[in-house]
Amino acid sequence: WILDEDGMGLDFNARNFIQRYTLALLAYSLDSQVWGVTIDETINLRVVGSDFSWLSSVDECSWYNVTCTSGVVTGLWLDEYSLIGTIPPEISRLVQLNFISFRRNCLYGTIPSEMGQLSTLTYLRLQENALSGTVPDSIFGLSALEILYLQYQYNNDWACTRSSGEVVNIYFSEGDATNGMNLGLIGKILDDNLANLTSLRDIRVGYNQFSGTISPKISHLENLGILRAENNKIRGSIPDEITMLENIHWRDTSKCGRHEKS
């Protein structure tokens, strides 16, 4: 597309070639009925003839819900667009991203380890999808990350519609009933690695199948205000050290230990 169809006609050496290519790749990776279908100006992403639609000839910083600073992409807000597919690892090429929000779509597969290269990322909101597998270790190296929302990947019964009209229900793995039930995110999430997210203020990982115990090292997260991990397979109780965090006002680990609110 960027070589043969893009009306902007960028040269390989253009300042914004990589970010425009990456956004185009994201558009082609994620299917949805909103791509190219007129529904409502506030939710259309790619509408033929629209000056601000994705894959239009205008600067990509003018595309719907793409945020830029001085011409560099810093944010993607793609909530509730019925986006279907896997998150492409090339998203890491948007090296100045501060926030990613893909809430309530039909994204499946694993979280790309390459997202751990986004050193300036402060908000990562992937809740209410159908992601599976473990959270890559690289994510725990994002020292600027303040918000981490991964909740509701398991046992969700809602659907998205492809551009072809096919309906995909994320209750099933990859939206296909023949694959069986989607199992959500697994592995350890509240272990020692979490303490590396030194800027973390809010983490919500409920309604998955995370396991393990809660590390007392989480008490090192001095900015932590919200911790929610209900409806997982996390065992044990909340370490006393965490109760000493001055900023925390909500701790919810019900159905996986002790539930407290303060």
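Dividing the alpha-carbon Rg of the chain by 2.2 N^0.38 Å yields what? Walk me through the intermediate numbers first.
Values: Rg = 19.4 Å, N = 262, 2.2 N^0.38 = 18.3 Å.
Dividing the Cα Rg of the chain by 2.2 N^0.38 Å gives 1.06.
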Worksheet entry | Sequence-distant residues sharing a close amide H with residue 109 (under 5 Å, placed H) | 132, 174
Worksheet item: Extension gain residue 6-residue 114, at 0.36 nm per residue separation less the Cα-Cα distance, in nm?
Response: 36.2 nm
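Stretch residue 166-residue 59 to full length: gain in nm at 0.36 nm per residue minus the Cα-Cα span?
35.4 nm
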Worksheet item: Based on the Cβ-Cβ distance of residue 237 and residue 77, what FRET efficiency does E = 1/(1 + (r/R0)^6) give at R0 = 41 Å, to the nearest 0.05?
Response: 0.65
Worksheet item: Okay, helix-only estimate at 222 nm for the chain: each DSSP H run of n ≥ 4 adds -39500 (n - 2.57), divide by all residues, round to 500 deg cm²/dmol; what do you get?
Response: -1500 deg cm²/dmol
Worksheet item: Going by alpha carbons, how many degrees (0 to 90, nearest 10) lie between the helix axis of 17-29 and the longest principal axis of the chain?
Response: 80
Worksheet entry | Given charges at Cβ of Lys, Arg, Asp, Glu: the chain dipole, positive-most of 61, 159, 189 | 189
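So what is the relative contact order of the chain, in percent, for Cα pairs below 8 Å that sit 6 or more residues apart?
Details: 676 pairs, mean separation 30.2, N = 262.
Averaging sequence separation for qualifying contacts and normalising by length gives 12 percent for the chain.
Each value in this text was obtained by applying a stated rule to the coordinates, not by laboratory testing. Quick caveat: nothing in here was measured; it's all calculated off a predicted structure. Because the Cβ atoms are built from the backbone with ideal geometry, glycine has one as well, and the counts that use them run over all protein chains shown.
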